[in-house]
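Worksheet: one structure, shown below.
The values are calculated or read from the model by the stated rules, or taken from the named source; none is laboratory data. Everything numeric in this text was worked out from a predicted model, so none of it was measured. Cβ placement follows ideal geometry from the backbone for every residue including glycine, while neighbour counts extend to all protein chains displayed.
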Amino acid sequence: MTDKINKTNKMSPDSKRTLKRILKYSAIRLVSLFLTVMVGIFLTIMIANMGGYVDELVKGQVNENLMMRVANDPTYKVMTPERRKTFFQDQLELEYERLGLNQPFMVRSFRFLWNAMRMNLGSAQQMTSDSGSKQVKLIITERLAPSLLLMGTANLTLFFLAITVALTLSRKYGSRVDKFFISLSPLSSMPSWFYGIFFILLFSAVLKILPFSGMIDSPPPRTTGGYILSVLRHLILPASSLIISASFASIYSWRTFFLIYSSEDYVEMAKAKGLPSKLIKRRYILRPTLPTIITSFSLMMITMWMGALLTEKIFGWPGLGSVIVAAVGSFDTAVIVGTTIIYGYLLAITVFVLDFVYALVDPRVKVGQGGN
Amino acid sequence: MNKFWKDVKQYPTAIIGLILIALVVSLAIYAVITIPYNDAIVSWRGDEASTYRNPEKVPPVWTNLFRVDKLPEGFYNVISEEGAKDVEVIDNTTDGLMDITYNYSFEYIEDDFLQDLIIYMTAKYDEKQPFFELVLISPDGRERAVYNGSIEPVNRYRIYQDRALKKKLGVNPMIGLFATPETVRSDNPEVLDGTYILSIRVRGFEQDTIVTTEVVAHGQVHGIAGTDHMRRDISIALLWGTPIALMFGLIAAFGVSIITLTIAATGTWFGGWLDTLIQRITEVNMMLPFLPILIMVGTFYSRSIWLILGTVILLSVFSAAIKTYRATFLQVKQSTYIEAAQVYGASNSRIITRYMMPKIIPMLIPNLVLSIPVYVFLEASLAVLGLGDPTLPTWGKLIENAYSNGALWNGQYYWIVEPAVLLIITGFAFAMVGFALDRIFNPRLRAQ
């Protein structure tokens with residue numbers, strides 16, 4: 001990987017072409033992922049609106065706005081109650097007409113899609129953001145950072161941990177350590193929140209060494225250093241439960257990939273040449289296996305986002321998972337739809353980033369064979 | 001087939017897994033036979049009628065095996081007009097004025113105190129309410145008036161919650177009444193062992209007043225599984241959770257596998273736009289946020305287990321597995337025997353079901369078995385999110401209840417550990433068999 005980066009830095013005509021290919025590949029992936037997300041969000045809107053929930057949401061919004069506007073209108077105040085009622089009703093009808101709420105279901109759904117893609121979902125019914133706003137967009141976006149922190153930590157650790165263990169095990173195929181790890185693979189059938197419960201039980205309730213839940217001590221430490229330490233302490237348990245629940249399965253399957261690639265002829269050749277085993281491991285086994293591993297990691301991360309949702313709930317981690325759980329509790333339709341959409345975006349971004357990494361490590365993309 | 005069993009025997013984990021599956025399945029059958037569905041639902045609703053004899057949030061009886069100071073079990077006694085076992089009836093009724101004293105004597109030799117002592121009374125009268133007095137006679141002969149009051153048609157008097165009594169005794173009434181006089185106010189009150197007499201004197205002011213009494217003592221341990229915050233017996237949910245979990249896991253796993261297989265085979269066989277369509281749907285579906293969509297369906301429409309199960313199957317059908325199967329089917333499609341079948345005039349559906357689908361079975365079976373625990377845990381996960389079927393007693397529901405009622409904070413570990421252990425056993429059983437099957441059916445790596 002390092003020599004590739006050096007190449008691109010020097011920018012020889014050859015590496016320029018390579019860069020072009022990578023960018024082209026990534027652009028195609030970006031467009032196709034964007035279309036995929038659009039279809040996904042459209043489906044979300046359709047599911048929500050089949051029960052008329054999105055309609056209700058928009059109508060409630062319109063009603064409220066109109067009420068505010070009319071209440072401040074001096075001519076409205078002098079009207080008789082009956083006149084007021086009809087006036088209000090007429091205005092409401094006009095507004096519905098203007099916003100296209102009387103249009104057929106499909107037309108309406110496409111209109112909502114445009115709004116949903118911009119996360120333009122109006123205000124929540126019950127929930128407020130930490131800064132006190134009722135905007136769905138704000139409620140959701142201010143919870144993004146904690147979720148990304150948790151997922152980022154967990155995934156990076158998992159990736160390097162699993163790759164190291166899997167590679168080591170594949171070199172010791174059939175040994176006692178190998179057999180031991182393989183016999184542990186059923187452990188991955190348990191989801192991360194489930195490990196979370198046991199971690200809380202063990203480390204927080206019985207041993208009392210790590211906090212039960214949340215992201216920061218209360219009250220938060222004054223110093224930056226103390227703040228970071230406190231967040232790290234709170235991060236240990238949720239991150240480890242995410243890592244441990246995914247690690248056994250990935251070690252098992254990645255070890256298999258390594259085994260397949262290490263039985264290739266060129267590995268035998270390298271061994272025959274007497275190359276050091278470290279070099280064989282890195283250049284002849286790890287390199288060719290990486291694209292396959294990244295594809296599998298990409299699939300796994302999609303499930304991990306879903307696992308993180310529950311893990312956040314169990315650990316009271318103030319991320320997106322906690323938002324959607326709270327929204328379910330208070331039946332806040334707008335927030336539920338909004339969180340579903342943001343998860344759609346997050347999955348797409350995750351896959352795109354890994355696709356980009358894939359393009360960097362897979363020589364087939366660089367030399368322009370296949371690619372998609 | 002014989003060879004297959006020989007292969008299985010080589011994997012001890014597979015054998016253990018099969019034994020565990022057999023255990024879980026027999027537990028499910030046992031649950032369905034001993035507790036009829038309706039009874040389970042009714043007792044899980046937690047009405048007073050089905051839970052009044054149970055204490056609140058107490059661990060199972062067997063936990064006493066690990067305790068030096070044993071926790072007491074509860075007991076109860078129904079006293080009718082004629083009295084009951086251990087009850088001495090003193091009838092002083094004179095011309096229309098009912099005056100009966102029931103002296104209920106019980107032996108109390110324990111290391112710890114009861115959680116509560118409750119007197120349930122039902123009375124039949126026309127106008128004038130009957131009246132009752134409650135006196136507790138300790139083994140050392142002390143007589144203490146506990147309570148007196150009139151009896152409504154249905155009456156419940158809980159000694160633990162009697163504020164006046166607590167004020168009078170200065171401590172929790174259960175300790176105040178049952179501790180030795182020396183230790184009652186200390187930090188470690190000790191139980192005064194011996195035979196207590198609970199004297200219930202009932203006076204009626206009408207000719208045919210009928211009063212029935214039930215004394216219920218709530219202990220600090222209960223049954224084989226303990227109780228929850230609604231005083232429900234956890235064993236009901238542990239037992240009935242088994243068939244529900246298995247049903248959910250099996251239906252979802254079989255449903256998804258079979259539908260995926262059919263779609264992949266059909267798509268590959270016909271090719272063209274159908275194949276492309278299936279490919280595109282799969283790509284979109286793999287990017288859909290699975291859990292949030294389930295949450296949406298659960299909150300907006302219904303939390304019925306059938307709707308959730310259906311949605312789960314629908315969302316899982318177009319998965320990465322379709323791509324894997326398709327790759328294999330594309331190879332199978334080129335085989336000469338398919339060509340031969342076409343030549344002799346086999347129909348499309350015959351080729352798909354008889355010639356293509358069987359080819360994929362060795363790949364399908366391990367995946368199917370491995371996906372069962374995923375769905376079993378998914379059901380629990382949904383319950384933890386608050387999307388469990390509201391009527392059904394399930395393992396996930398137990399964990400959710402325990403978690404949200406602070407079982408981890410308050411040390412009621414049994415409440416979370418019991419369903420968790422059952423989940424682990426079930427998940428492990430299928431996972432162990434699945435991994436072994438994977439190695440038996442895909443022997444590519446065994447040769448190395």
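For the range B:144-174, filtered to residues that are touching a Pro at 6+ places or on another chain (Cβ under 8 Å) and either in contact (Cβ under 8 Å) with a residue 60 or more places away in the chain or in a loop (DSSP other than H, G, I, E, B) (or both), the residue that is farthest from B:Leu71 (Cα to Cα) is B:Ile151.
Would you please name the residue that is nearest to B:Leu364 (Cα to Cα), looking only at residues in the range B:268-299 that are more than 14 Å from every other protein chain (Cβ to nearest Cβ), touching a helix residue (DSSP H, G or I) at 6+ places or on another chain (Cβ under 6 Å) and in contact (Cβ under 8 Å) with a residue 60 or more places away in the chain? Reasoning before the result, please.
Looking only at the range B:268-299, we keep the residues that are more than 14 Å from every other protein chain (Cβ to nearest Cβ), and these are B:268-275, B:278.
If we keep only those that are touching a helix residue (DSSP H, G or I) at 6+ places or on another chain (Cβ under 6 Å) too, we end up with B:268-269, B:274-275, B:278.
Next, only the ones that are in contact (Cβ under 8 Å) with a residue 60 or more places away in the chain stay: B:268-269.
Values: B:Thr268: 17, B:Trp269: 18 Å.
Residue satisfying both the conditions and the ranking: B:Thr268.
Look through the range B:175-192, keep the residues that are out of contact with any strand residue (DSSP E or B) (no Cβ under 7 Å at 6 or more places or on another chain) and touching a residue at least 12 places away in the same chain (Cβ under 8 Å), and return whichever of them is surrounded by the fewest Cβ atoms within 10 Å (Cβ to Cβ). Only one residue fits best here, namely B:Pro181. Being among the polar types (S, T, N, Q), surrounded by 14 or more Cβ atoms within 10 Å (Cβ to Cβ) and under 30 Å from B:Tyr37 (Cα atoms) holds for only one residue in B:Ser199, B:Ser235, and it is B:Ser235.
Kindly indicate which of A:Phe212, A:Phe199 is within 22 Å of B:Pro419 (Cα to Cα), modelled with pLDDT of 90 or more and in the same structural domain as A:Val165 (by TED's automatic domain parsing). Steps first, answer last, please.
Working: A:Phe212 fails: modelled with pLDDT of 90 or more.
A:Phe199 is the lone residue from the list that is within 22 Å of B:Pro419 (Cα to Cα), modelled with pLDDT of 90 or more and in the same structural domain as A:Val165 (by TED's automatic domain parsing).
Looking only at the range B:306-321, which residues are at pLDDT 90 or above and surrounded by 17 or more Cβ atoms within 10 Å (Cβ to Cβ)? If the condition is that a residue be at pLDDT 90 or above and surrounded by 17 or more Cβ atoms within 10 Å (Cβ to Cβ), then B:Ile308, B:Leu309, B:Thr311, B:Val312, B:Ile313, B:Leu315, B:Ser316, B:Val317, B:Phe318 are the ones that fit.
Take the residues in the range B:294-303 that are in contact with a Phe, Trp or Tyr (Cβ under 9 Å, 6 or more places away or on another chain) and buried (at least 20 other Cβ atoms within 10 Å of the Cβ), then tell me which one is nearest to A:Gly338 (Cα to Cα). Even if it seems obvious, please write down each step before you answer.
In the first step, residues of the range B:294-303 are kept if they are in contact with a Phe, Trp or Tyr (Cβ under 9 Å, 6 or more places away or on another chain); the result is B:296, B:299-300.
From what's left, buried (at least 20 other Cβ atoms within 10 Å of the Cβ): B:296, B:299.
On the way: B:Met296: 11, B:Thr299: 14 Å.
My answer is B:Met296.
Of everything listed in (1) under 30 Å from A:Met38 (Cβ atoms); (2) surrounded by fewer than 15 Cβ atoms within 10 Å (Cβ to Cβ); (3) among the acidic types (Asp, Glu), the single unmet condition for B:Glu339 is (1).
How about the range A:48-59: which of its residues are within 9 Å of another protein chain (Cβ to nearest Cβ), of a type outside the set (Phe, Trp, Tyr) and in contact (Cβ under 8 Å) with a residue 24 or more places away in the chain? Please lay out each step first, then the result.
Looking only at the range A:48-59, we keep the residues that are within 9 Å of another protein chain (Cβ to nearest Cβ), and these are A:48, A:50-51, A:53.
Now narrow it down to the ones that are of a type outside the set (Phe, Trp, Tyr): A:48, A:50-51.
Correct list: A:Ala48 only.
Of the set (1) over 23 Å from B:His222 (Cα atoms); (2) of a type outside the set (Lys, Arg); (3) without any contact (Cβ under 8 Å) to a residue 40 or more places away in the chain, all apply to B:Gly96 but (3).
Highlighted here are the helices (runs of 4 or more DSSP H) found entirely within the range B:367-448 that include at least 2 residues which are under 30 Å from A:Leu169 (Cβ atoms) and more than 7 Å from chain A (Cβ to nearest Cβ): B:413-441. Could you list, in sequence order, all residues of the range A:133-155 that are in a loop (DSSP other than H, G, I, E, B), out of contact with any Pro (no Cβ under 8 Å at 6 or more places or on another chain) and either on the phi > 0 side of the Ramachandran plot or among the charged types (D, E, K, R) (or both)? Within the range A:133-155, A:Lys134, A:Glu142 meet the criteria. Considering A:Thr303, A:Thr289, the condition of being crowded, with 20+ Cβ neighbours inside 10 Å and of a type in the set (S, T, N, Q) is satisfied by A:Thr289 alone. Consider the range A:242-273 and keep the residues that are of a type in the set (Gly, Ala, Ser) and within 12 Å of another protein chain (Cβ to nearest Cβ). The one that is farthest from A:Pro288 (Cα to Cα) is A:Ser245. Which residues, taken from the range A:346-360, are free of Cβ contacts under 8 Å to residues at least 40 places away in the same chain and more than 13 Å from every other protein chain (Cβ to nearest Cβ)? Residue satisfying the conditions is A:Val353 alone.
Of the helices (runs of 4 or more DSSP H) lying entirely inside the range A:28-132, the ones with 3 or more residues being more than 23 Å from A:Gly338 (Cβ to Cβ) and not assigned by TED's automatic domain parsing to the domain that holds A:Ala348 are found at A:53-71, A:74-77, A:81-99.
If we scan the range B:214-223, do we find a residue that is more than 30 Å from B:Val417 (Cα to Cα) and either surrounded by 16 or more Cβ atoms within 10 Å (Cβ to Cβ) or not polar (S, T, N, Q) (or both)?
Start the filter on the range B:214-223 by keeping residues that are more than 30 Å from B:Val417 (Cα to Cα), which leaves B:214-215.
Still in the running and either surrounded by 16 or more Cβ atoms within 10 Å (Cβ to Cβ) or not polar (S, T, N, Q) (or both): B:214-215.
Checked the range B:214-223: at least one residue is more than 30 Å from B:Val417 (Cα to Cα) and either surrounded by 16 or more Cβ atoms within 10 Å (Cβ to Cβ) or not polar (S, T, N, Q) (or both).
Only one of the listed residues (A:Phe331, A:Phe315) is within 13 Å of B:Met296 (Cα to Cα), in contact (Cβ under 8 Å) with a residue 40 or more places away in the chain and not assigned by TED's automatic domain parsing to the domain that holds A:Ile47. That residue is A:Phe331.
Of the residues that sit in the range A:13-47 and are small (Gly, Ala, Ser) and more than 18 Å from B:Leu294 (Cβ to Cβ), which one is farthest from the other protein chains (Cβ to nearest Cβ)?
Start the filter on the range A:13-47 by keeping residues that are small (Gly, Ala, Ser), which leaves A:15, A:26-27, A:32, A:40.
Among the residues that remain, those that are also more than 18 Å from B:Leu294 (Cβ to Cβ) are: A:15, A:26-27, A:32.
Values: A:Ser15: 31, A:Ser26: 17, A:Ala27: 17, A:Ser32: 8 Å.
Applying the filter and picking the extreme gives A:Ser15.
Would you check if B:Gly249 is in a helix (DSSP H, G or I), within 12 Å of chain A (Cβ to nearest Cβ) and at pLDDT 90 or above? Reasoning before the result, please.
Details: in a helix (DSSP H, G or I): yes; within 12 Å of chain A (Cβ to nearest Cβ): yes; at pLDDT 90 or above: yes.
Here the answer is yes, as B:Gly249 does meet what is asked.
Given the conditions (1) of a type in the set (S, T, N, Q); (2) under 24 Å from A:Ser296 (Cβ atoms); (3) surrounded by 17 or more Cβ atoms within 10 Å (Cβ to Cβ), report the number of the one that B:Gln279 does not fulfil. With respect to (1) of a type in the set (S, T, N, Q); (2) under 24 Å from A:Ser296 (Cβ atoms); (3) surrounded by 17 or more Cβ atoms within 10 Å (Cβ to Cβ), B:Gln279 is out only on (3). Output the residue which, of all residues in the range B:91-111 that are touching an Asp or Glu at 6+ places or on another chain (Cβ under 6 Å) and not in a strand (DSSP E or B), is surrounded by the most Cβ atoms within 10 Å (Cβ to Cβ). For the range B:91-111, the residue satisfying everything is B:Asp111.
Of all the numbered requirements in (1) closer than 18 Å to A:Ile244 by Cβ; (2) within 14 Å of chain B (Cβ to nearest Cβ); (3) surrounded by 15 or more Cβ atoms within 10 Å (Cβ to Cβ), A:Asn155 misses one, and that requirement is (2).
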